[in-house]
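Working notes for the structure below.
The values are calculated or read from the model by the stated rules, or taken from the named source; none is laboratory data. Bear in mind that the values here come from a model prediction, so they are computed numbers and not experimental data. Glycine also receives a Cβ, built like all others from the backbone with ideal geometry; neighbour counts cover every protein chain displayed. Calculation scope for accessible area: heavy atoms of the full protein, side chains included, ligands and nucleic acids excluded. Shrake-Rupley method; radii C 1.70, N 1.55, O 1.52, S 1.80 Å.
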Amino acid sequence: MAIENPSLEEIGEILKKAKRIAVVGLSNNPTRTSYQVSEVMQKAGYEIIPVNPTIEESLGVKAVASLKDIKGPVDIVNVFRRSEQLYDVAKEFDEIDCNVFWAQQGLVNEEAYHFLKEKGYTVIMDRCIKVMHALTK
């Protein structure tokens, strides 16, 4: 079975309701896509939580080593990791208070998708959150 993303209208509703976005793999290097996309989302009013054990901070926010280190609920987990790493991120995602798992453009993992969908989560894969935000404003 193939991956099926929510409709553009549904994605727009998700983005309108969301306030906190945890970004797995967020870099502190301004030339990296994860930084540029997250910076746009931060400037659009979202609270960005960098999730990366190899950096101290990004976009002026202290980084956490893992999703489990985040205090309080998260509205979206946005993932910038290779497709083969998505299942491990999905297992950790299942242990926190969040309902939307978002894998950036170019990232797809059917095992992670089915694992999360079977548990009732909203799963978006192979879509850029910045582009979807611009399309649904």
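Within the range 4-29, the residues that satisfy the criterion of being touching an Asp or Glu at 6+ places or on another chain (Cβ under 8 Å) and over 28 Å from GLU110 (Cβ atoms) are LYS19, ASN28. The single condition among (1) out of contact with any strand residue (DSSP E or B) (no Cβ under 8 Å at 6 or more places or on another chain); (2) of a type in the set (A, V, I, L, M); (3) not in a helix (DSSP H, G or I) that VAL131 does not satisfy is (3). Scanning the range 100-120 for residues that are touching a helix residue (DSSP H, G or I) at 6+ places or on another chain (Cβ under 9 Å), open to solvent by 30 Å² or more (accessible area, probe 1.4 Å) and in a loop (DSSP other than H, G, I, E, B) yields GLN105, GLY106, VAL108.
Selection of the range 35-89 for residues being of a type in the set (A, V, I, L, M), crowded, with 19+ Cβ neighbours inside 10 Å and within 21 Å of VAL123 (Cβ to Cβ) yields VAL37, MET41, ILE48, ILE49, VAL51, LEU67, VAL74, ILE76, VAL77, VAL79, LEU86, VAL89. Take the conditions (1) assigned to a helix (DSSP H, G or I); (2) touching a residue at least 12 places away in the same chain (Cβ under 8 Å); VAL123 misses just one of them, which is (1).
Taking the criterion of being part of a loop (DSSP other than H, G, I, E, B) and without any contact (Cβ under 8 Å) to a residue 12 or more places away in the chain, the residues of the range 46-89 that qualify are THR54, GLY60, LYS71. A count restricted to the range 1-34 and to residues that are crowded, with 16+ Cβ neighbours inside 10 Å and of a type in the set (D, E, K, R) stands at 1.
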